[in-house]
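Student: Structure incoming, see below.
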Amino acid sequence: MTPAVAHVVTVGMDPAADPEGAAVAAALGAAGVLVLSRALVEDDEGALAHALGPDDALTVILAGAGGSAGDVVRRVLARAAGARLVLNERMLAALEERYRRVDRPLPRRAERLALLPQGATVWVPAPGEPAWALESGARAFVVLPRDGGVGAALTEHLVPFARARVAGRGALLTWTLRTAGAGAAELEERLAEWLGQPARGAEVSVVPADGEVWVRLRAPGASAEDAAQALAPVEAAVAAALGADCYGRDAETLELVVARRLLARGLTLAVAESCTGGLLGHRLTNVPGSSGYFERGVLAYGNRAKQELLGVPEEVLRAHGAVSAPCAEAMARGIVERSGSACGLAITGVAGPDGGTPAKPVGTVFVGLAHGGAVTSRHFRFAGDRARVKWQSTQMALDMLRRAL
């Protein structure tokens, strides 16, 4: 039985990051649809037409509704389906409501956004921007708006649509166990008996990600439910082998897991950042309901700020420097004392590309943790450019707190 397959295409964006595309691919995999490819293309009709999936596939396209990208998508899909562009009254009403919410009339120029291929179905999620789907024989297209976020359209409409395509065609279900604090080679050793052994009930693979490692489990079935039954015992055994290094599954992030543990224990957290420039606080406050556990964040970049805002002793800075274990611990201790929070995290280091020394090269980072009356720190050496060092620093800080909780 041939499983349902899909392609994910993101139009007209900086290819350095595609979080929406990753979320769509994960949701399709969890629905039993095999994602064969992900592509990033310019807002060019020829490029998009070339990236569309074959005649029996589902192609999910992420693009801004307005601007050239939206126009390109509508024209290309109309040609692919052999349909005319016509005014879609449901889309027009959704656009008018969108502008009404911000107390503005719908510009006449914006009415072209309601021109969709004939036969298109408009999805209007409760929160968020409208999306639309178009079926042409065995082929199907879904267009999700990047500028309004894909979350609501993903859960309310795309996943049920994808599950309906799986029915009668077979499913290939994908689950992902996410780990932090262990390298890919180490995890491969632990999982040696499952790797490359699909006869054991599921295909298991190890996938390095940004600052963490994912273990992907995949199994076929007549339906997503049948595939889930095959995956469940394998997942339990693999999770046991991963132990405390496994922090979550599928779309769960480290910051989400940390948030849940803080809320469950009724604890608050404050952070003190230097080289990460506020990235740790940004990740923590990106979780809905973060006001229930996040007390404050202090961005203390210079030595004077570390002294004035966090109480880092001058003798610590003089004897050990700002990039040191004693400084990270003093920062963590200071943010807890000043905020009254139960937990404190602090990060100080050399993000690069300049500023390194033979003793403390670029990528040297110290993370301090204050929790339960104790203050500890860890020393890391990260590789990569400035953005990667900053991201990995926040990953390890969150993982330290996760394990402490």
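Student: So, with +1 on the Cβ of K and R and -1 on the Cβ of D and E, and no other charges, what is the size of the charge dipole of the chain about its Cα centre, to the nearest 20 debye?
Tutor: My answer is approximately 540 debye.
Student: Multiply the residue gap between residue 167 and residue 182 by 0.36 nm, knock off their C-alpha separation, and tell me the result in nm, one decimal place. Please list the in-between numbers first.
Tutor: On the way: separation 15, 0.36 × 15 = 5.40 nm, distance 3.82 nm.
Full extension from residue 167 to residue 182 adds 1.6 nm.
Student: How far apart, in nanometres, would the label points at residue 240 and residue 90 be if each is projected 7 angstrom from Cα along the Cα-to-Cβ direction?
Tutor: 4.8 nm
Student: Let me ask something else. Using the charge dipole of the chain (Lys, Arg: +1 at Cβ; Asp, Glu: -1 at Cβ; taken about the Cα centre), state which of 268, 28, 405 has its Cα farthest towards the positive end.
Tutor: 268
Student: Sketch the reach of a paramagnetic label on residue 264 as a point 7 Å from Cα along Cα-to-Cβ, and name the residues of the stretch 215-251 whose backbone nitrogen lies under 13 Å away.
Tutor: 247-249
Student: Further, regarding this structure: Span-like helices, the chain: DSSP H, alpha-carbon axial extent 15 Å or more, mean Kyte-Doolittle 0.5 or greater, which ones?
Tutor: On the way: long enough: 19-30 (17 Å, 1.07); 67-81 (22 Å, 0.33); 89-101 (18 Å, -1.28); 224-242 (25 Å, 0.97); 254-265 (17 Å, 0.85); 325-339 (21 Å, 0.10); 386-404 (27 Å, -0.73).
For the chain, where a helix must reach 15 Å along its axis and average at least 0.5, the hits are 19-30, 224-242, 254-265.
Student: To continue, here is another question. State which stretch of the chain is the longest one without any exposed GluC sites (Glu not before Pro), exposure meaning a DSSP loop state and at most 16 other Cβ atoms within 10 Å.
Tutor: With a cap of 16 other Cβ atoms within 10 Å, the longest stretch comes to 253-405.
Student: Related question: Which distance in Å, rounded to a whole number, links the C-alpha centroids of the stretch 74-119 and the stretch 342-405?
Tutor: Using only Cα atoms to place each centre, the spacing works out to 48 Å.
Student: Taking neighbour counts of Cβ atoms within 10 Å as a proxy for exposure, in what order, fewest first, do 350, 102, 375 appear?
Tutor: Ascending Cβ contact count within 10 Å gives the list 102, 375, 350.
Student: Follow-up. Calculate the spin-label point distance for residue 285 paired with residue 383, positioning each point 7 Å from the Cα along the beta-carbon direction, and give it in nanometres.
Tutor: Each label point lies 7 Å from its Cα, and together they span 3.5 nm.
Student: Rounded, prolate or oblate, given the Cα gyration tensor of the stretch 277-405, with a/c below 1.5 counting as rounded?
Tutor: Because a/c hits 1.5 or more and a/b fails to exceed b/c, the stretch 277-405 counts as oblate.
Student: Treat each spin label as a single point 7 Å out from the Cα along the C-beta direction, and report the residue 252 to residue 79 distance in nm.
Tutor: In this crude label model, residue 252 to residue 79 measures out at 4.6 nm.
Student: Assign unit charges at the C-beta atoms only (+1 for Lys and Arg, -1 for Asp and Glu), then state the dipole size of the stretch 254-404 relative to its Cα centre in Debye, rounded to the nearest 20.
Tutor: With Lys and Arg at +1 and Asp and Glu at -1, about 360 debye.
Student: Another question, then. Can you show me the helix-derived [θ] at 222 nm for the chain, built from DSSP H runs with n ≥ 4 at -39,500 (n - 2.57) apiece and divided by the number of residues, rounded to the nearest 500.
Tutor: Result for the chain, helices only: -11500 deg cm²/dmol.
Where a number appears in this text, it was derived from the coordinates with a stated rule and is not lab data. Note that this is a predicted model, so its numbers are computed, not measured. As a convention, Cβ positions derive from the backbone with ideal geometry for all residues, glycine included, and neighbour counts pool all protein chains shown.
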